[in-house]
């Protein structure tokens, strides 16, 4: 094997050696997540041939039509992490409450980590062969090890995360993760069945190139966000000399991944309907916070429009938020426009 080839296992072990106090539990949890990603990637590759496309005919806790792929990926993550003793409690976008700990599964109560995940982001796009992804975050539990996990373990600010990452299923399958300081990307080599280090020490490049948003909702944005949108596209007097190009996939992981590698800003503001409070869409725990940690570790920034997304303390499992994430200067400009114009 080429001596320059580094598997995700080798990479994680090398990082573990930098911490003599490490027990290997955290490393093994990352392996479990990588294996779950391989299983989901295999199923997605044969999506047009198997019985994995289409809707389940039910509405999930988010008020969205649940797709067959959502259910499959959710079950994979639960099964891969329920019986290892590494995870004390789990929360998933597809379930209303915490993952229950049952007497038949006593080892789960021993885990010292909290796993929060969106099993498939953008699942409605899979039938059109558009990239989708898995988003995950890992926290250290607050409650005593050996006791059942609680809501307190999950409702932690993003700044307290031990790690965050995503797996994108596209022309290739990539796993990108951070433990808080650096961001690394691994590409799945199908013939080997291994994630290989392909993007070490990712940094969001400057200057930014792309602005990613669903502009069809522009009429529902606040005046400050509308002015910000105009700023990015060269329609304000202080706009950048080179306006950002518009690129929007509609799968959050895909839009974020492109901007992470090529520079840009993704923004999904709250909607302001007449006579109603602002309505945000993206989930704080399952989407915004983990991607915010990755952006920060790559030199970028994530905000809800007024504050660092990593400082937001969740009050409920399925809390929603506005999100601006990408190159730091672009996100800070959004905060400035919102502060000035509302």
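The values are calculated or read from the model by the stated rules, or taken from the named source; none is laboratory data. Since the structure is predicted, the reported quantities are computational estimates derived from the model, not experimental observations. Using ideal geometry, Cβ is built from the backbone for each residue, glycine included, and neighbour counts are taken over all protein chains shown.
What the table shows:
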| read-out | value |
| --- | --- |
| Any chance residue 276 is surrounded by fewer than 24 Cβ atoms within 10 Å (Cβ to Cβ) and assigned to a helix (DSSP H, G or I) | no |
| Test result for residue 257, over 25 Å from residue 183 (Cβ atoms), at pLDDT 95 or above and either buried (at least 19 other Cβ atoms within 10 Å of the Cβ) or under 16 Å from the mean Cα position of the chain (by Cα) (or both) | no |
| So residue 82, is it within 15 Å of residue 31 (Cα to Cα), modelled with pLDDT under 90 and in contact with a helix residue (DSSP H, G or I) (Cβ under 9 Å, 6 or more places away or on another chain) | yes |
| Tally of residues being assigned to a loop (DSSP other than H, G, I, E, B) and on the phi < 0 side of the Ramachandran plot across segment 180-233 | 19 |
| Conditions (1) within 25 Å of residue 311 (Cβ to Cβ); (2) more than 15 Å from the chain's Cα centre (by Cα); (3) assigned to a strand (DSSP E or B); number of the one not met by residue 163 | (2) |
| Single condition residue 191 does not satisfy, out of (1) more than 16 Å from residue 299 (Cα to Cα); (2) without any contact (Cβ under 8 Å) to a residue 40 or more places away in the chain; (3) touching a strand residue (DSSP E or B) at 6+ places or on another chain (Cβ under 9 Å) | (3) |
| Residue check for residue 159: surrounded by fewer than 22 Cβ atoms within 10 Å (Cβ to Cβ), assigned by TED's automatic domain parsing to the domain that holds residue 93 and modelled with pLDDT of 95 or more | yes |
| From the options 225, 253, residue that is in contact with a helix residue (DSSP H, G or I) (Cβ under 7 Å, 6 or more places away or on another chain) and touching a residue at least 24 places away in the same chain (Cβ under 8 Å) | 225 |
| Top-ranked residue in segment 115-125 [being within 21 Å of residue 33 (Cα to Cα) and outside any strand (DSSP E or B); ranked as nearest to the chain's Cα centre (by Cα)] | 122 |
| Candidates 299, 250, 292 - the one that is closer than 20 Å to residue 167 by Cβ, part of a loop (DSSP other than H, G, I, E, B) and not assigned by TED's automatic domain parsing to the domain that holds residue 96 | 250 |
